[in-house]
Amino acid sequence: MNTSFRSIRDSLLLLIWGFFVLWLHFSKLLSTYLHPSLQPYTVGGGVFLIILAFFSLRGLYREKSSDSCCHHDQCCSHAHDHEDHDHHHGGDEAKPGPIIFKTAVLLLPLAVVLIGQNNHYTMSTINNRGVVQDLAKLPSAKASSPPVVAPTSPQPSTLEQAKQDSSNAMPIQVIDLLYAVQMPTYREDFEGKKTELIGQFVPLPVGNPKGDRFQVIRLFITCCAADAKPVGVTVQYDRSLKVPEMGWVKITGTPTFPMEGGRRTAVLKASKVEECPAPSEPFVY
């Protein structure tokens, strides 16, 4: 394989990788693989790869133009020099087998991403990694601030306020309840209030004598999808459920923080559990 062909191949690989990174960004798939703080650098890297590819192609074009203008003897000598260079330094690179193998290795990660772009995790992942319920194991976790609504209009009557409270639920995350377990002041913002939480359904086969409990989990990432850790809380629901393992559910209920087994824990007493679509960003950070 001559030098020109290798240069074209390398430039095409740079273009493919650069545009692939940008495609992941604009299709909102990058958030399923990387922490938001790392995404701008990744997008910048994709743009840089494309710039490198264009400079490489530009240099190859200039080299070809220069070769076409040289004298015949000089061209022959130049070609002979290239042949000697390829012979001494190309080695296995001149054989089609290694070239195909190296190219396939560089393109394999793209194929893996495209095949598994929904990034499904199974119960095997949960069983192998375990459900984290201790924030000490997630040093980079951050709780979201409970919403505080400032009055912008005259307050409704007590009856009207009660109706609003019964229909509006405060959206929360699993991480919020784990923080509330350890922080009494934070706990007061949730305890006894109607909340709404979205997560994935995980059965609770042990420590569930009445059969009225399950776990709801989200996958927490520190850097990327490879280090995802399941974080979860217990949900108490006294009705039968027909939800597949790892299926997405929306839970409406009231958080409680009882002492169980000698330690404080979070138990979400659910009044309603229903299946729902996966959120656009399946991970929490």
Exercise for the section: Take peptides 203-214, 126-137 and line them up by average Cβ neighbours within 10 Å, highest first, as a rough protection proxy. Expected result: 126-137, 203-214
Fill in the blank from the handout: Taking 170-177, 14-21 and ranking on average Cβ neighbours within 10 Å, highest first, one gets 170-177, 14-21
Fill in the blank from the handout: Packing-ranked peptide list from 57-64, 269-276, highest mean Cβ count within 10 angstrom first, is 269-276, 57-64
Problem - Distance (nanometres) between label positions extended 7 Å along Cα→Cβ at MET170 and LEU60 - result: 6.0 nm
Fill in the blank from the handout: Links exceeding 18 Å between C-alpha atoms in this model, out of LYS137/LYS210; LYS28/LYS229; LYS193/LYS269, come to LYS137/LYS210; LYS28/LYS229
Completion exercise
With a ≥ b ≥ c from the Cα gyration tensor eigenvalues, square-rooted, and the rule rounded for a/c under 1.5, otherwise prolate when a/b > b/c and oblate otherwise, segment 177-285 is rounded
Completion exercise
Between the modelled labels at VAL206 and GLU275 (7 Å from Cα along Cα→Cβ) the distance in nm is 2.9 nm
Fill in the blank from the handout: On the formula 1/(1 + (r/R0)^6), with r taken between the Cβ atoms of GLN39 and ASP238 and R0 of 41 Å, the FRET efficiency rounded to 0.05 is 0.45
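Bear in mind that the values in this text are calculations on the coordinates, not laboratory data. This one's a predicted model, so the numbers in the text were calculated from it and none came from an experiment. Positions of Cβ are backbone-derived with ideal geometry, glycine not excepted, and every protein chain shown enters the neighbour counts.
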